[in-house]
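See below for the structure under consideration.
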Amino acid sequence: YWISQHEVSQELYEKIMFHNPSTDKGSDLPVETVSWDLANEFCEVLSHRLKTQFRLPTEAEWEKACRGGPDEAARITPYDDDIYDVRRTFSVKSGHSNRLGIYNMFGNVSEWCLDGYVMRHLDGISGKNPVQRRLSNKKVVKGGSFKKFDKNLGCCSRKMMVNTKSSVDVGFRVVKTL
């Protein structure tokens, strides 16, 4: 799979969806205040326009990208502490990328995943890239946001949100399937 280098920017979201739901406006800021349903609609419209398949990352794909590959430690040190003091979103290409060239897995906006939320984590779930579809209205959100950065540093850290809800500190990135 191919995962986007950074969160979906407001500029890209506006080009595809013709509106911007974000609270903190700026073309190079991540789109936020977008529900899981709207993030999926974005992926469908983008797929149709570019004639290739885009979707939200699974929780397992997000974690692998977060680690920077299969051998990276499960906890990553923030790359620029000064960024996180602003208590608002910042440019999608701020700070340093991980060794895969991926930006802001922590600290900008938390990110929607394709999976339904289950109480147990990936441990004990069989399959190489399991997608949990149970409790379909409860979805996985990964990565610490500017609001809750310290509490969500680990690649395995996760929370649950209902698919129709949105928040000023939740956005998304996309995966292109090969």
Expected output for region 73-101 (first residue closer than 17 Å to PRO30 by Cα, partner modelled with pLDDT under 50, Cβ below 6 Å, 6+ apart or cross-chain) is GLY95/TYR79; GLY95/ASP80; HIS96/TYR79
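So, in region 156-171, exactly how many residues are farther than 22 Å from CYS66 by Cα and of a type in the set (D, E, K, R)?
As a first pass, look at region 156-171 and keep what is farther than 22 Å from CYS66 by Cα: 162-166.
In the following step, the residues that additionally are of a type in the set (D, E, K, R) were identified as 165.
So the answer is 1.
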Test result for TYR117, on the phi < 0 side of the Ramachandran plot and modelled with pLDDT under 90: yes
Residue identified as at pLDDT 95 or above, of a type outside the set (D, E, K, R) and more than 26 Å from LYS138 (Cβ to Cβ) among PHE42, PHE18: PHE18
Suppose we filter region 23-37 for residues that are closer than 23 Å to ARG158 by Cβ and crowded, with 19+ Cβ neighbours inside 10 Å; how many remain? 6
Of the residues in region 108-120, those that are in a loop (DSSP other than H, G, I, E, B) and within 19 Å of ALA39 (Cα to Cα) come to ASN108, VAL109, TYR117
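The values are calculated or read from the model by the stated rules, or taken from the named source; none is laboratory data. Keep in mind it's a predicted model, so treat the numbers as computed, not measured. We place every Cβ from the backbone using ideal geometry, glycine too, and count neighbours over all the protein chains shown.
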